[in-house]
Amino acid sequence: MAVVKAGAYGHGLEEIARALAAEDLAFFGVANVREARQIRHAGVNTRIYLLGPTWSEERKEIVARDWTPCISSLEEACEFNWLAAAHGRRFKVHMAVDTGMGRGGFVADGLAEALAALERLEYLEIEGIGSHLPAADEDEEFTRQQMARFAAIIDELGGAARFRWRHLSNSSGILGYAPGVCNLARPGLMLYGIAPLAGFQHQLRNVMTLKSRVTLVRTLPAGHGISYGRAFVTSKPTRVATVGIGYGDGYPRHVSGHGAEVWIAGCRCPILGRVTMDQMMVDVTGSREVGEGAEVELFGPNLPVAEVARNAQTIVWEILTGITPRVQRCYRE
Ligand SMILES: *Cc1c(COP(=O)(O)O)cnc(C)c1O
């Protein structure tokens, strides 16, 4: 299952869905109905799995279009069953179980009764069972226990053969652990070439490069403030390049003052002062040849997005999904 929620992690949902459509995937994983519609709008017919719970008013369309929800409660299941009855056909759903995420799914007590109740709904087919890992990149011991618990649950519910699809792992689960009882996985971040477990990064290649260009280069004298709040003041004459990107494009303002750099003409150049909405200033004293129009890499092959996330005290997922629509997406074959 290719997870393409949040605009395919900021890469562009329709384009990524079209690029992956030929890969013989079991499902595209999306967050909501609107994203499901976008995939169909792109002309892609791969099955769609809804990763979170749905609102009652969305369920009619979900059944009509045969998208696959994960079920966390009997109430949802009953409504899907009732809607499917109107179509006179069985509707495939997955049973979500909460093995530690605390966000959705049936809680561990009474799962056998819950499954029995689901199976009494004659227009539903319980095609799969899934759960989610909250800490596969942070807590190996907990994750190993959680995987064992998921296997035990499946045993208790009648064994692996009872479910066509059994799924638990996100990217860190896939990279760091054996599949065990599962026959489906839900990679998100790693699809876009970023490893949530740093030791695996050399096996992947980042998909997104964020670039801008220099708009202006000037030399400022010593004692000159740079950007809002004058948080940075030059201590010597400094060649300052102004770059046409800012937090309005999703580049995190929070890197300001944390030693963040950008890549220009083969060199790392420090960001000076605060990142503004549309522009930022960088020190190009060391690269004489940099002038107006020079290409600036904010992250990509030369500057890991993980480093930007670290400087912004956040995670890569937030950086990628935060790149705003103002940034023009360019795709290469
Ligand atoms: C977002 C999400 C994933 C993908 O997670 P990554 O860490 O990006 O691989 C997998 N499963 C569920 C339920 C999710 O919500």
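Every number here is computed from the coordinates shown, using simple stated rules; none is lab data. Note that the structure is predicted; figures quoted are calculated from it, not measured. Reconstructed Cβ throughout: ideal geometry from the backbone, glycine too, with neighbour counts over all protein chains shown.
Please give the charge dipole size of segment 1-126, origin at the Cα centre, charges +1 on K and R Cβ atoms and -1 on D and E Cβ atoms. Round to the nearest 20 debye.
Dipole magnitude for segment 1-126 comes out near 380 debye.
Take the alpha carbon atoms of segment 65-118, find their radius of gyration, then divide it by 2.2 N^0.38 Å using N residues; give the quotient.
Dividing the Cα radius of gyration by 2.2 N^0.38 Å gives 1.18.
Let me know the Rg and Dmax you get for the chain when you use only its Cα atoms, in Å.
Here Rg and the maximum Cα pair distance are 24.0, 78 Å.
Looking at Thr215, Met277, Thr324, which one has the Cα that reaches farthest to the positive end of the dipole of the chain (charges on Cβ: Lys, Arg +1; Asp, Glu -1)?
Of the listed residues, the answer is Thr215.
Between Glu79 and Ala22, 0.36 nm times their residue separation minus their Cα-Cα distance comes to what?
Extending this stretch completely gives an extra 17.2 nm.
Between Lys211 and His258, what is the FRET efficiency for a Förster distance of 25 Å, r being their Cβ-Cβ separation, to the nearest 0.05?
Efficiency at R0 = 25 Å is approximately 0.75.
Given 0.36 nm per residue, what is the gain on full extension from Ala135 to Arg37 after removing their alpha carbon distance, in nm?
32.2 nm
In which sequence would Ser172, Ser56 go, from the one with the fewest C-beta neighbours within 10 Å to the one with the most?
Lowest to highest Cβ neighbour count: Ser56, Ser172.
Charges only on Cβ, +1 for Lys and Arg, -1 for Asp and Glu: so what's the dipole of the chain about the Cα centre, in debye to the nearest 20?
1080 debye
Using DSSP, restrict attention to beta bridges with both residues in the chain and report what percent are antiparallel, rounded to the nearest 5.
That works out to approximately 55 percent antiparallel.
What dipole magnitude, in Debye to the nearest 20, does segment 52-203 give about its Cα centre under +1 on Lys/Arg Cβ and -1 on Asp/Glu Cβ?
So the dipole magnitude of segment 52-203 works out to roughly 520 debye.
Work out the P(r) tail for segment 210-321: percent of alpha carbon pairs separated by more than 21 Å, whole number.
29 percent
Using the Kirkwood formula on the Cα atoms of segment 10-65, what hydrodynamic radius do you get, in angstrom to one decimal?
After inverting the pairwise mean of 1/r, the radius is 11.7 Å.
Could you give the nm distance between label points at Tyr331 and Trp55, where each point is 7 Å from its Cα heading toward the beta carbon?
In this crude spin-label approximation the distance works out to 2.9 nm.
Treat each spin label as a single point 7 Å out from the Cα along the C-beta direction, and report the Glu295 to Met101 distance in nm.
Modelled inter-label distance: 3.8 nm.
Relative to the present Cα-Cα distance, how much length would full extension add between Thr314 and Ala198 at 0.36 nm per residue of separation?
Stretched fully, the Thr314-Ala198 segment lengthens by 40.2 nm.
Spin-label point model (7 Å from Cα, Cβ direction): what's the Asn183 to Arg162 distance in nm?
Each label point is offset 7 Å from its Cα along the Cβ direction, giving 1.6 nm.
Compare the Cα positions of Ala108, Cys70, Tyr9 along the charge dipole of the chain (+1 at Cβ of Lys, Arg; -1 at Cβ of Asp, Glu; about the Cα centre) and return the one farthest towards the positive end.
Checking the options against the dipole of the chain, the answer is Tyr9.
Based on other C-beta atoms within 10 Å, arrange Cys78, Cys330 from fewest to most.
Ascending number of Cβ neighbours within 10 Å: Cys330, Cys78.
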